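The numbers here are math on the coordinates, done by the rules we state, and not lab data. Predicted, not measured: the structure shown is a model, and the values here were computed from it. Here Cβ is always computed from backbone atoms with ideal geometry, including for glycine, and neighbour counts include all displayed protein chains.
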Amino acid sequence: MGKRLIDLRSDTVTRPSSGMRKSMLAAEVGDDVLGDDPTVGELESRMAELTGKEAALYVVSGTMANLLSLVSQTRRGDEVLMDRNCHIFNYEAAGSAVIGGLQLHPFDREDGFLPLEELPAAVRPENVHHPRTSLVCVENTHNRAGGSIYPFEMMQQVYHFARENGLRVHLDGARLPNAVAETGIPFDKWSSLADSVNICFSKGLGAPVGSVLLSDRETVTRARFWRKRLGGGWRQAGILAAACLYAIEKNVERLKEDHMKAREIADFIADIPGFKLVRKPDTNIVIFQVERGTMDACTLVEKLEEKGILALAFGGNRIRMVTHLDVSFDDIEFFKENFPGT
């Protein structure tokens with residue numbers, strides 16, 4: 001047997017289970033660009049029903065789903081309001097600017113929530129000097145804020161503000177299944193507070209590829225055109241869609257286990273001198289600060305890797321660890337026993 005390896009870098013490292021692989025093998029397929037793949041159609045219909053949206057579009061990634069949502073609901077030169085720490089602003093290669101021609105207006109809050117008191121002043125008055133404010137983006141759960149769940153009441157306030165000001169709302173719900181599992185608030189209630197939603201299957205749900213964009217039919221029709229324009233049209237994608245169907249049916253409720261594992265890691269780290277939790281995790285992401293004078297985040301990552309534990313240095317001398325279905329409770333015990341300096 002090889003060296004034991006526990007991969008806490010991300011929940012994107014999960015591998016399809018045997019049951020998921022069987023569903024992929026048995027999938028009926030066709031040419032999705034021509035609208036002929038029945039399994040893709042089933043996935044899109046299932047997700048539209050689950051979220052209460054009119055239509056859905058299966059795409060290769062959450063980054064693509066976010067980009068398609070933005071360009072399908074704005075005009076070039078528009079301004080989009082969002083949190084500075086959100087995924088769209090930090091990890092999507094400036095696609096909204098390069099491809100969509102959009103100007104992003106970021107707000108600064110450590111917890112990843114939009115500052116409600118600052119939103120009114122951020123909406124540009126109609127003037128020849130200003131871009132048009134057209135869209136507000138919310139991320140739930142929030143990656144850089146340690147998997148924090150956006151409070152439902154705050155999302156309601158953001159949505160009502162947008163409605164009063166003629167703006168649309170996009171929910172980057174790449175990890176929305178984690179919020180659903182933890183709060184018990186169903187997909188359709190969360191989705192009712194946004195005009196478009198991105199849900200990713202290849203994170204905690206454990207599918208190998210894919211996200212879904214959900215919105216009204218007109219927006220999804222525009223997004224389908226943009227998907228083709230960007231080279232995102234695919235053919236026998238039902239093999240992958242079958243994995244996503246399996247994931248949404250089998251793996252949402254079990255996300256609670258990942259949250260329990262993350263809290264075990266967080267409680268353990270909180271008791272070690274020289275380390276400080278950024279926040280107590282709501283879901284499956286643990287972020288902590290390395291404050292020891294003799295060690296920085298990169299050094300700790302190297303020491304962990306020597307023990308067979310993979311993690312990510314997350315900037316500002318921080319470490320991120322993410323639990324998922326390929327990390328067992330026994331793996332968490334191994335992590336505790338082999339954490340450097342304990």
Practice problem: Just name one of Gly166, Phe268, Phe187: the one whose Cα is farthest towards the positive end of the charge dipole of segment 145-278 (beta-carbon charges, Lys/Arg +1, Asp/Glu -1). | Solution: Gly166
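Using 0.36 nm times the number of residues separating Arg254 and Lys3, minus their current alpha carbon distance, what extension gain do you get? Please list the in-between numbers first.
On the way: separation 251, 0.36 × 251 = 90.36 nm, distance 2.74 nm.
Here the segment from Arg254 to Lys3 would lengthen by 87.6 nm.
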Quiz prompt | Cβ-based exposure ranking for Ser17, Ser196, Ser328, in which fewest neighbours within 10 Å come first | solution = Ser328, Ser17, Ser196
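Which whole-number percent is the relative contact order of the chain (Cα, under 8 Å, 6+ apart)? Present the calculation step by step, with values, prior to reporting the outcome.
Values: 698 pairs, mean separation 84.1, N = 342.
Here the relative contact order equals 25 percent.
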Practice problem: Enumerate the amide H contacts of Ser211 below 5 Å, restricted to partners 5 or more residues apart or on another chain; note that Pro and chain-start residues carry no placed amide H. | Solution: Val59, Val60, Ser61, Phe201
Quiz item: Mind checking which lysines have their C-alpha under 25 Å from Lys303, skipping anything on the same chain fewer than 8 residues away?
Solution: Lys3, Lys261, Lys276, Lys280, Lys336
Quiz item: Taking other Cβ within 10 Å of each residue's Cβ, how do Val128, Val278, Val13, Val138 sort, fewest first?
Solution: Val128, Val13, Val278, Val138
Quiz item: Label Cys298 and Glu110 with points 7 Å out from Cα along Cα→Cβ: what is the distance between them in nm?
Solution: 2.5 nm
Quiz prompt | Estimated vicinal HN-Hα couplings, Hz - segment 31-38 in sequence order (Karplus 6.51, -1.76, 1.60; Gly, Pro = x) | solution = 8, 5, 4, 8, x, 9, 8, x
Exercise. Please state, to two decimals, what the Cα-based radius of gyration of the chain comes to when divided by 2.2 N^0.38 Å (N = residues).
Key: 1.01
Quiz item: Where does each of 256-269, 206-219 land if you order them by average Cβ count within 10 Å, highest first?
Solution: 206-219, 256-269
Exercise. Pull up all non-local amide H partners of Phe107: gap of 5 or more, or a different chain, and H-to-H distance under 5 Å with H placed in the peptide plane.
Key: Met82, Asp83, Arg84
Practice problem: Mind putting a number on the dipole of segment 18-250 about its Cα centre? Charges go on the C-beta only, +1 for Lys and Arg and -1 for Asp and Glu, and I need it in Debye to the nearest 20. | Solution: 560 debye
Exercise. In whole Hz, with x marking every Gly and Pro, tabulate ³J(HN,Hα) for segment 260-274 from phi via Karplus 6.51 cos²θ - 1.76 cosθ + 1.60, θ = phi - 60°.
Key: 5, 5, 4, 5, 4, 4, 4, 5, 5, 5, 4, 8, 9, x, x
Quiz item: Can you list residues whose amide H is under 5 Å from Leu312's amide H, if they're 5+ apart or on another chain and H is modeled 1.01 Å from N?
Solution: Arg320
